[in-house]
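Presented below is the structure to which this report refers.
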Amino acid sequence: MGGKVYTLGEVSKHNTPKDCWLIINGKVFDVTKFLEDHPGGDDVLLSSTGKDATDDFEDVGHSNTARAMMDQYCVGEIDASTIPTKVKYIPPKQPYYNQDKTPDFIIKLLQFLVPLAILGLAVAVRIYTKAE
């Protein structure tokens, strides 16, 4: 294993099919020569450049053989302080959206009166039809 320590910026520059580096478990791997042989295709590896690809690697469930092969591609370690910390995404609180700007009390009043009016109309129709 190479003893060099790389920054995320340095590793991120290696993001093409002719020069592809990945960060997995704190180590930096030059997988350029492995791109054609990767069972998942080279696109999978190329899409994992420029970031910590540990989660991508672990989510696939690589075999022990695959893990053993990694050593030959290791060129150094990543300076962990250059990798942004993961922040859980919290969506912004959305205020209630009233498209036509009708005051809330009118909306609540209508929600009560419209069904009441429909019920009254139904009763009136029923009474009118019985009277005939």
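The values are calculated or read from the model by the stated rules, or taken from the named source; none is laboratory data. Small disclaimer: the values here were computed from a predicted structure and weren't measured. As a convention, Cβ positions derive from the backbone with ideal geometry for all residues, glycine included, and neighbour counts pool all protein chains shown.
Hey, can you tell me all the residues within the stretch 57-67 that are farther than 17 Å from Thr32 by Cα and assigned to a helix (DSSP H, G or I)?
Glu58, Asp59, Val60, Asn64, Thr65
So for the stretch 81-94 (the condition being out of contact with any Gly (no Cβ under 7 Å at 6 or more places or on another chain), in a helix (DSSP H, G or I) and surrounded by 12 or more Cβ atoms within 10 Å (Cβ to Cβ)), does at least one residue qualify?
Looking for residues that are out of contact with any Gly (no Cβ under 7 Å at 6 or more places or on another chain), in a helix (DSSP H, G or I) and surrounded by 12 or more Cβ atoms within 10 Å (Cβ to Cβ), one finds none in the stretch 81-94, hence no.
Would you mind finding the one in Asp79, Asp19, Asp52, Asp71 that is modelled with pLDDT of 90 or more, at negative phi, charged (D, E, K, R) and in contact with a helix residue (DSSP H, G or I) (Cβ under 7 Å, 6 or more places away or on another chain)?
Asp19
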